[in-house]
């Protein structure tokens, strides 16, 4: 009986730990040999249209804000070992779509609250030596809502994710 109680307690504790990490203080990747992770940081002839949030490889990745995961996504068509998600989120009655890359998602669909565990961070240093490990987050919309925090590119308004973190 004591062993069964212990196993139930252990299982519930692990599930709670996996479900709720409550990471709310994200650190944005500063400049390294591959550039910076800030919104609109230089990428040569184009700006960085998202933010890079620092993580450690194998770290549990939590939802940076409330979201609905729509499907699994891949940042590179030629290298499917790196994964992520496409998602939807709503702020001020406006629906945004977005992507989070460089982690292995637990599920391909579902609704998550800010701080819920959504996957495990991947190691980017195998592809980009000496890079700061991170997840990439970007947000998009087809209609302008906040010109001061948007960048228009190829028919899409990219929105500054810092407004959501």
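For this structure, a couple of remarks:
- The set of residues in segment 58-111 being assigned to a loop (DSSP other than H, G, I, E, B) and closer than 21 Å to residue 25 by Cα consists of 58, 59, 63, 64, 65, 66, 102.
- Cβ pairs under 9 Å, 6+ apart, first in segment 32-56 and at positive phi and at pLDDT below 95, second part of a strand (DSSP E or B) and exposed (fewer than 14 other Cβ atoms within 10 Å of the Cβ): 35/42
- Condition met for residue 125 (at pLDDT 95 or above and out of contact with any strand residue (DSSP E or B) (no Cβ under 8 Å at 6 or more places or on another chain)): yes
- Some residue of segment 49-62 being more than 12 Å from the chain's Cα centre (by Cα), closer than 22 Å to residue 117 by Cα and surrounded by 15 or more Cβ atoms within 10 Å (Cβ to Cβ): yes
- Of the criteria (1) buried (at least 17 other Cβ atoms within 10 Å of the Cβ); (2) touching a residue at least 60 places away in the same chain (Cβ under 8 Å); (3) within 23 Å of residue 144 (Cα to Cα), which one residue 91 fails: (1)
- For segment 105-114, the count of residues that are at pLDDT 95 or above, touching a helix residue (DSSP H, G or I) at 6+ places or on another chain (Cβ under 6 Å) and surrounded by 12 or more Cβ atoms within 10 Å (Cβ to Cβ) is zero.
- Condition check for residue 114: under 12 Å from the mean Cα position of the chain (by Cα) and not in a strand (DSSP E or B): yes
- Residue within segment 76-85 that is buried (at least 18 other Cβ atoms within 10 Å of the Cβ) and closer than 19 Å to residue 146 by Cα present: no
- Residues that are more than 12 Å from the chain's Cα centre (by Cα) and either surrounded by fewer than 17 Cβ atoms within 10 Å (Cβ to Cβ) or modelled with pLDDT of 95 or more (or both), drawn from segment 128-142: 128, 129, 130, 131, 132, 133, 140, 142
The values are calculated or read from the model by the stated rules, or taken from the named source; none is laboratory data. All of these numbers come straight from a predicted model, not from anything done at the bench. Glycine gets a Cβ as well: all are built from the backbone with ideal geometry, and neighbour counts include every protein chain shown.
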